[in-house]
1. Pick out, in residue order, every one of the GluC sites (Glu not before Pro) in segment 43-147 that is DSSP loop and has at most 11 other C-beta atoms within 10 Å; say none if there are none.
2. Would you mind calculating the gained length between Arg172 and Arg53 on full extension (0.36 nm times residue separation, minus the Cα-Cα distance), in nm to one decimal?
3. Testing the spin-label approximation: label points 7 Å from Cα along Cα→Cβ at Gln275 and Met87. State their distance in nm.
4. Just the Cα atoms of segment 148-198: what Rg and Dmax do they give in Å?
5. For the residue pair Thr239 and Asp259, what label-to-label distance in nm results when each label sits 7 Å from Cα along the Cα-to-beta-carbon direction?
6. Please report the carbon-and-sulfur percent of the accessible area for segment 210-296; probe 1.4 Å, protein heavy atoms only, DNA, RNA and ligands left out.
7. Show me 96-104, 147-155 ranked by packing, highest mean number of other Cβ atoms within 10 Å first.
8. Restricting the calculation to Cα positions, tell me the Rg (one decimal) and the Dmax (whole number) of segment 176-219 in Å.
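The values are calculated or read from the model by the stated rules, or taken from the named source; none is laboratory data. The shown structure was predicted, so the numbers you read here are calculated from the model rather than taken from an experiment. Reconstructed Cβ throughout: ideal geometry from the backbone, glycine too, with neighbour counts over all protein chains shown. Each accessible area value is taken on the protein alone, full model and side chains, heavy atoms only, with ligands, DNA and RNA left out. Shrake-Rupley method; radii C 1.70, N 1.55, O 1.52, S 1.80 Å.
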Amino acid sequence: MSGNTITQSVTPGANTAAALVNATVVGANPAVDPAARQTLAQSRAARELGLKRGEFDLAVRLGRIRTVPDEGGGGRRVARAEIDRVMSEDGFPDGLKKRVKAVGTSEGAALMDVTAARFTKFARLGFVVPVKFYLNRYRAVVWLYPAEELRQFAEAEENAPLLNGRTPEGLRDQLDAGLDLRARNWRGRHVGFLLRQTEDPWARAAAVASLLDPAQVAEIVADPYERAYMNRFDPERTTHGAPDSPAAHVAARIMTAEDPDEISWLRSDLANTLQEARAHRRAPRPTPKPRTPVVSRERPRLIEERLRLVEGRRQPGDEQQRTEVRQAIHEPERPRRLLGWLRRRNP
(Lines give C-alpha, C1' and ligand atoms only; values in the text may rest on other atoms or scores of the structure.)
Protein backbone atom coordinates (compact mmCIF):
# COMPACT_ATOMS: atom_id res chain seq x y z
CA MET A 1 0.00 0.00 0.00
CA SER A 2 1.87 3.02 -1.19
CA GLY A 3 1.31 6.45 0.22
CA ASN A 4 0.12 7.62 -3.19
CA THR A 5 -2.49 4.91 -3.31
CA ILE A 6 -3.89 5.84 0.07
CA THR A 7 -3.87 9.55 -0.72
CA GLN A 8 -5.84 8.99 -3.87
CA SER A 9 -8.28 6.79 -2.04
CA VAL A 10 -8.84 9.11 0.90
CA THR A 11 -9.02 12.44 -0.93
CA PRO A 12 -12.66 12.04 -2.06
CA GLY A 13 -13.60 11.75 1.62
CA ALA A 14 -13.65 15.55 1.87
CA ASN A 15 -16.46 15.73 -0.65
CA THR A 16 -18.28 12.96 1.13
CA ALA A 17 -17.94 14.73 4.46
CA ALA A 18 -19.28 17.95 2.94
CA ALA A 19 -22.21 16.05 1.49
CA LEU A 20 -22.99 14.50 4.87
CA VAL A 21 -22.81 17.91 6.57
CA ASN A 22 -25.12 19.41 3.98
CA ALA A 23 -27.53 16.52 4.40
CA THR A 24 -27.53 17.04 8.16
CA VAL A 25 -28.24 20.75 7.78
CA VAL A 26 -31.08 20.11 5.37
CA GLY A 27 -32.56 17.49 7.67
CA ALA A 28 -32.51 19.91 10.57
CA ASN A 29 -34.45 22.62 8.74
CA PRO A 30 -38.19 22.06 9.10
CA ALA A 31 -38.86 24.47 6.24
CA VAL A 32 -37.19 22.16 3.71
CA ASP A 33 -39.42 19.99 1.55
CA PRO A 34 -39.77 16.57 3.28
CA ALA A 35 -38.99 14.90 -0.06
CA ALA A 36 -35.50 16.41 0.10
CA ARG A 37 -34.86 14.67 3.44
CA GLN A 38 -36.12 11.27 2.30
CA THR A 39 -33.62 8.43 2.18
CA LEU A 40 -33.91 5.01 0.60
CA ALA A 41 -32.49 1.63 1.45
CA GLN A 42 -29.66 0.65 -0.86
CA SER A 43 -31.66 -2.18 -2.44
CA ARG A 44 -34.49 0.25 -3.28
CA ALA A 45 -32.00 2.82 -4.62
CA ALA A 46 -30.43 0.17 -6.87
CA ARG A 47 -33.83 -0.70 -8.34
CA GLU A 48 -34.69 2.94 -8.99
CA LEU A 49 -31.37 3.44 -10.77
CA GLY A 50 -31.78 0.27 -12.80
CA LEU A 51 -28.64 -1.34 -11.36
CA LYS A 52 -28.00 -4.86 -10.17
CA ARG A 53 -26.96 -5.00 -6.54
CA GLY A 54 -23.37 -5.82 -7.47
CA GLU A 55 -23.25 -2.84 -9.85
CA PHE A 56 -24.73 -0.58 -7.19
CA ASP A 57 -22.20 -1.72 -4.57
CA LEU A 58 -19.39 -1.05 -7.02
CA ALA A 59 -20.79 2.40 -7.79
CA VAL A 60 -20.75 3.22 -4.08
CA ARG A 61 -17.22 1.84 -3.71
CA LEU A 62 -16.00 3.97 -6.62
CA GLY A 63 -17.70 7.08 -5.26
CA ARG A 64 -20.22 7.32 -8.12
CA ILE A 65 -23.12 7.15 -5.66
CA ARG A 66 -22.89 8.77 -2.22
CA THR A 67 -24.54 7.23 0.82
CA VAL A 68 -25.44 8.69 4.22
CA PRO A 69 -25.69 7.09 7.68
CA ASP A 70 -29.04 5.71 8.75
CA GLU A 71 -30.36 7.87 11.59
CA GLY A 72 -32.02 4.77 13.03
CA GLY A 73 -28.68 3.02 13.43
CA GLY A 74 -29.06 0.60 10.52
CA GLY A 75 -26.99 0.31 7.37
CA ARG A 76 -26.16 3.23 5.13
CA ARG A 77 -28.87 4.71 2.93
CA VAL A 78 -29.14 6.87 -0.16
CA ALA A 79 -30.74 10.31 -0.12
CA ARG A 80 -33.53 11.00 -2.61
CA ALA A 81 -31.57 14.05 -3.74
CA GLU A 82 -28.62 11.78 -4.61
CA ILE A 83 -30.86 9.54 -6.69
CA ASP A 84 -32.13 12.59 -8.57
CA ARG A 85 -28.57 13.82 -9.12
CA VAL A 86 -27.41 10.53 -10.61
CA MET A 87 -30.48 10.24 -12.83
CA SER A 88 -29.92 13.76 -14.17
CA GLU A 89 -26.39 12.99 -15.42
CA ASP A 90 -25.78 12.84 -19.16
CA GLY A 91 -26.18 9.41 -20.68
CA PHE A 92 -28.12 7.92 -17.78
CA PRO A 93 -28.61 4.98 -17.36
CA ASP A 94 -26.19 3.50 -19.92
CA GLY A 95 -23.43 5.93 -18.98
CA LEU A 96 -23.69 4.98 -15.31
CA LYS A 97 -23.60 1.26 -16.06
CA LYS A 98 -20.55 1.79 -18.24
CA ARG A 99 -18.72 3.63 -15.48
CA VAL A 100 -19.41 0.99 -12.83
CA LYS A 101 -18.64 -2.07 -14.92
CA ALA A 102 -15.90 -4.37 -13.58
CA VAL A 103 -14.07 -6.86 -15.78
CA GLY A 104 -11.63 -9.71 -15.31
CA THR A 105 -8.28 -10.34 -16.93
CA SER A 106 -9.50 -11.60 -20.31
CA GLU A 107 -12.05 -8.85 -20.86
CA GLY A 108 -9.68 -6.25 -19.50
CA ALA A 109 -6.95 -7.34 -21.89
CA ALA A 110 -9.42 -7.09 -24.78
CA LEU A 111 -10.40 -3.55 -23.72
CA MET A 112 -6.73 -2.51 -23.73
CA ASP A 113 -5.94 -4.50 -26.89
CA VAL A 114 -3.13 -6.46 -25.25
CA THR A 115 -2.58 -10.09 -24.39
CA ALA A 116 -3.81 -11.50 -21.10
CA ALA A 117 -0.20 -12.12 -20.07
CA ARG A 118 0.72 -8.46 -20.62
CA PHE A 119 -2.38 -7.30 -18.79
CA THR A 120 -1.42 -9.47 -15.82
CA LYS A 121 2.02 -7.85 -15.80
CA PHE A 122 0.37 -4.41 -15.68
CA ALA A 123 -1.71 -5.53 -12.71
CA ARG A 124 1.25 -7.04 -10.86
CA LEU A 125 3.24 -3.85 -11.37
CA GLY A 126 0.36 -1.73 -10.07
CA PHE A 127 -0.47 0.12 -13.30
CA VAL A 128 -4.07 -1.08 -13.02
CA VAL A 129 -5.68 -1.52 -9.60
CA PRO A 130 -8.32 -4.14 -8.81
CA VAL A 131 -11.54 -3.02 -7.21
CA LYS A 132 -12.91 -6.40 -6.27
CA PHE A 133 -11.97 -10.06 -6.01
CA TYR A 134 -13.62 -13.41 -5.55
CA LEU A 135 -12.53 -17.04 -5.35
CA ASN A 136 -13.61 -19.45 -8.07
CA ARG A 137 -14.49 -23.06 -7.43
CA TYR A 138 -10.80 -23.99 -7.55
CA ARG A 139 -10.09 -21.39 -4.84
CA ALA A 140 -8.10 -19.34 -7.31
CA VAL A 141 -8.28 -15.57 -6.83
CA VAL A 142 -10.11 -13.74 -9.62
CA TRP A 143 -9.41 -10.00 -9.70
CA LEU A 144 -11.85 -7.51 -11.19
CA TYR A 145 -10.93 -4.05 -12.49
CA PRO A 146 -13.02 -0.98 -13.32
CA ALA A 147 -13.49 -1.02 -17.09
CA GLU A 148 -13.54 2.78 -17.20
CA GLU A 149 -10.07 2.99 -15.63
CA LEU A 150 -8.68 0.43 -18.08
CA ARG A 151 -9.99 2.45 -21.03
CA GLN A 152 -8.43 5.61 -19.63
CA PHE A 153 -5.09 3.83 -19.18
CA ALA A 154 -5.15 2.52 -22.75
CA GLU A 155 -6.08 5.94 -24.18
CA ALA A 156 -3.29 7.83 -22.39
CA GLU A 157 -0.47 8.61 -24.87
CA GLU A 158 2.27 8.19 -22.26
CA ASN A 159 1.26 4.53 -21.83
CA ALA A 160 1.68 3.63 -25.52
CA PRO A 161 5.24 2.23 -25.05
CA LEU A 162 3.99 -0.10 -22.34
CA LEU A 163 1.08 -1.26 -24.45
CA ASN A 164 2.99 -1.84 -27.69
CA GLY A 165 6.69 -2.19 -26.88
CA ARG A 166 8.82 -4.43 -24.73
CA THR A 167 8.53 -4.24 -20.98
CA PRO A 168 11.39 -2.04 -19.68
CA GLU A 169 14.26 -3.95 -18.11
CA GLY A 170 13.72 -2.49 -14.63
CA LEU A 171 10.10 -3.60 -14.61
CA ARG A 172 11.07 -7.04 -15.88
CA ASP A 173 13.50 -7.40 -12.99
CA GLN A 174 10.74 -6.58 -10.52
CA LEU A 175 8.45 -9.16 -12.09
CA ASP A 176 11.23 -11.77 -12.06
CA ALA A 177 11.73 -11.03 -8.35
CA GLY A 178 8.08 -11.94 -7.73
CA LEU A 179 6.54 -8.46 -7.38
CA ASP A 180 2.75 -8.61 -7.25
CA LEU A 181 0.94 -5.48 -6.04
CA ARG A 182 -2.60 -6.62 -6.78
CA ALA A 183 -3.55 -7.55 -3.20
CA ARG A 184 -1.74 -4.57 -1.72
CA ASN A 185 -3.36 -2.09 -4.12
CA TRP A 186 -6.76 -3.63 -3.47
CA ARG A 187 -6.22 -3.09 0.26
CA GLY A 188 -5.27 0.53 -0.40
CA ARG A 189 -8.43 1.09 -2.40
CA HIS A 190 -10.52 -0.79 0.17
CA VAL A 191 -9.33 1.21 3.19
CA GLY A 192 -9.91 4.42 1.25
CA PHE A 193 -13.50 3.34 0.68
CA LEU A 194 -13.96 2.49 4.38
CA LEU A 195 -12.56 5.84 5.49
CA ARG A 196 -14.90 7.73 3.16
CA GLN A 197 -17.88 6.02 4.76
CA THR A 198 -17.45 7.55 8.22
CA GLU A 199 -16.22 10.59 10.10
CA ASP A 200 -16.24 8.87 13.50
CA PRO A 201 -12.63 8.54 14.75
CA TRP A 202 -13.25 5.16 16.37
CA ALA A 203 -14.77 3.78 13.18
CA ARG A 204 -11.84 5.15 11.17
CA ALA A 205 -9.42 3.47 13.57
CA ALA A 206 -11.34 0.21 13.15
CA ALA A 207 -11.10 0.56 9.36
CA VAL A 208 -7.32 0.81 9.49
CA ALA A 209 -7.06 -1.97 12.08
CA SER A 210 -9.12 -4.30 9.86
CA LEU A 211 -6.11 -4.64 7.52
CA LEU A 212 -3.66 -5.57 10.27
CA ASP A 213 -3.06 -8.88 11.98
CA PRO A 214 -4.76 -8.95 15.43
CA ALA A 215 -1.35 -9.29 17.09
CA GLN A 216 -0.24 -6.06 15.43
CA VAL A 217 -3.41 -4.32 16.58
CA ALA A 218 -2.93 -5.53 20.16
CA GLU A 219 0.53 -3.95 20.24
CA ILE A 220 -0.84 -0.56 19.18
CA VAL A 221 -4.12 -0.71 21.15
CA ALA A 222 -2.85 -2.25 24.35
CA ASP A 223 -5.90 -1.33 26.46
CA PRO A 224 -8.42 -4.23 26.23
CA TYR A 225 -11.37 -1.87 26.79
CA GLU A 226 -10.26 0.31 23.88
CA ARG A 227 -9.82 -2.76 21.66
CA ALA A 228 -13.28 -4.03 22.58
CA TYR A 229 -14.81 -0.63 21.87
CA MET A 230 -12.99 -0.29 18.56
CA ASN A 231 -14.15 -3.78 17.55
CA ARG A 232 -17.75 -2.54 17.78
CA PHE A 233 -17.00 -0.47 14.67
CA ASP A 234 -15.23 -3.26 12.80
CA PRO A 235 -16.31 -2.95 9.15
CA GLU A 236 -18.46 -5.67 7.71
CA ARG A 237 -16.39 -8.20 5.81
CA THR A 238 -17.46 -10.06 2.70
CA THR A 239 -17.49 -13.77 3.44
CA HIS A 240 -15.63 -16.18 1.19
CA GLY A 241 -16.63 -19.71 2.04
CA ALA A 242 -17.44 -21.17 5.44
CA PRO A 243 -15.47 -19.94 8.45
CA ASP A 244 -12.06 -21.66 8.77
CA SER A 245 -12.46 -23.13 5.28
CA PRO A 246 -9.49 -23.02 2.85
CA ALA A 247 -11.28 -20.33 0.84
CA ALA A 248 -11.78 -18.21 3.95
CA HIS A 249 -8.07 -18.48 4.79
CA VAL A 250 -7.10 -17.37 1.28
CA ALA A 251 -9.41 -14.35 1.53
CA ALA A 252 -8.07 -13.51 4.99
CA ARG A 253 -4.51 -13.42 3.64
CA ILE A 254 -5.56 -11.01 0.91
CA MET A 255 -7.29 -8.73 3.43
CA THR A 256 -4.28 -8.63 5.80
CA ALA A 257 -1.21 -6.45 5.19
CA GLU A 258 1.96 -8.46 4.70
CA ASP A 259 4.71 -6.18 3.36
CA PRO A 260 6.89 -4.65 6.11
CA ASP A 261 6.54 -1.09 4.81
CA GLU A 262 2.79 -1.49 4.39
CA ILE A 263 2.48 -2.81 7.96
CA SER A 264 4.63 0.05 9.24
CA TRP A 265 2.45 2.62 7.48
CA LEU A 266 -0.76 1.09 8.83
CA ARG A 267 0.61 0.85 12.37
CA SER A 268 1.58 4.52 12.29
CA ASP A 269 -1.80 5.52 10.88
CA LEU A 270 -3.64 3.43 13.49
CA ALA A 271 -1.64 5.05 16.32
CA ASN A 272 -2.46 8.53 15.02
CA THR A 273 -6.13 7.73 14.49
CA LEU A 274 -6.33 6.19 17.95
CA GLN A 275 -5.06 9.44 19.49
CA GLU A 276 -7.80 11.34 17.65
CA ALA A 277 -10.41 8.83 18.84
CA ARG A 278 -9.31 9.17 22.47
CA ALA A 279 -9.51 12.96 22.22
CA HIS A 280 -12.97 12.70 20.65
CA ARG A 281 -14.41 10.41 23.34
CA ARG A 282 -13.01 7.89 25.75
CA ALA A 283 -13.73 4.20 25.41
CA PRO A 284 -16.35 3.11 27.98
CA ARG A 285 -15.20 1.14 30.98
CA PRO A 286 -17.10 -0.78 33.67
CA THR A 287 -17.96 1.25 36.76
CA PRO A 288 -15.59 0.17 39.56
CA LYS A 289 -17.26 -1.37 42.58
CA PRO A 290 -16.64 0.42 45.90
CA ARG A 291 -14.00 -1.30 47.94
CA THR A 292 -15.17 -2.93 51.18
CA PRO A 293 -12.47 -2.70 53.86
CA VAL A 294 -11.34 -6.06 55.11
CA VAL A 295 -11.88 -6.32 58.85
CA SER A 296 -9.68 -8.58 60.89
CA ARG A 297 -11.55 -11.22 62.83
CA GLU A 298 -9.55 -10.18 65.89
CA ARG A 299 -10.64 -6.54 65.78
CA PRO A 300 -14.22 -6.96 67.17
CA ARG A 301 -12.77 -9.08 70.01
CA LEU A 302 -10.24 -6.36 70.87
CA ILE A 303 -12.98 -3.77 70.89
CA GLU A 304 -15.08 -5.90 73.24
CA GLU A 305 -12.14 -6.22 75.62
CA ARG A 306 -11.51 -2.50 75.59
CA LEU A 307 -15.20 -1.87 76.13
CA ARG A 308 -15.22 -4.05 79.25
CA LEU A 309 -12.35 -1.99 80.64
CA VAL A 310 -14.30 1.18 80.00
CA GLU A 311 -17.33 -0.34 81.75
CA GLY A 312 -15.24 -0.57 84.89
CA ARG A 313 -14.58 3.17 84.79
CA ARG A 314 -18.10 4.42 84.27
CA GLN A 315 -18.38 8.20 84.11
CA PRO A 316 -21.32 10.54 83.54
CA GLY A 317 -22.16 10.91 79.89
CA ASP A 318 -20.46 7.65 78.92
CA GLU A 319 -23.66 5.64 78.38
CA GLN A 320 -24.44 7.08 74.97
CA GLN A 321 -20.84 6.60 73.82
CA ARG A 322 -20.85 2.96 74.95
CA THR A 323 -24.10 2.38 73.04
CA GLU A 324 -22.57 3.83 69.88
CA VAL A 325 -19.51 1.66 70.31
CA ARG A 326 -21.59 -1.52 70.66
CA GLN A 327 -23.64 -0.70 67.55
CA ALA A 328 -20.53 0.01 65.46
CA ILE A 329 -18.42 -2.99 66.47
CA HIS A 330 -19.27 -4.97 63.34
CA GLU A 331 -19.40 -2.08 60.88
CA PRO A 332 -16.30 -2.66 58.70
CA GLU A 333 -15.47 0.99 58.08
CA ARG A 334 -15.33 2.04 61.78
CA PRO A 335 -13.23 -0.42 63.87
CA ARG A 336 -9.95 1.47 63.45
CA ARG A 337 -11.53 4.71 64.71
CA LEU A 338 -13.21 2.90 67.61
CA LEU A 339 -10.01 1.23 68.74
CA GLY A 340 -8.30 4.60 68.77
CA TRP A 341 -11.10 6.04 70.87
CA LEU A 342 -10.98 3.15 73.33
CA ARG A 343 -7.20 3.40 73.68
CA ARG A 344 -7.53 7.04 74.53
CA ARG A 345 -10.23 6.20 77.12
CA ASN A 346 -8.17 3.40 78.66
CA PRO A 347 -4.48 4.03 78.06
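1. Qualifying residues, ordered by number: Glu71.
2. In short, 38.9 nm is gained.
3. 4.8
4. Answer for segment 148-198, Rg first and Dmax second: 14.9, 44 Å.
5. Taking the two extended label points, one gets 3.2 nm.
6. C and S atoms contribute 53 percent here.
7. In decreasing order of mean packing, 96-104, 147-155 become 96-104, 147-155.
8. Rg, Dmax (Cα atoms, Å): 12.9, 43.
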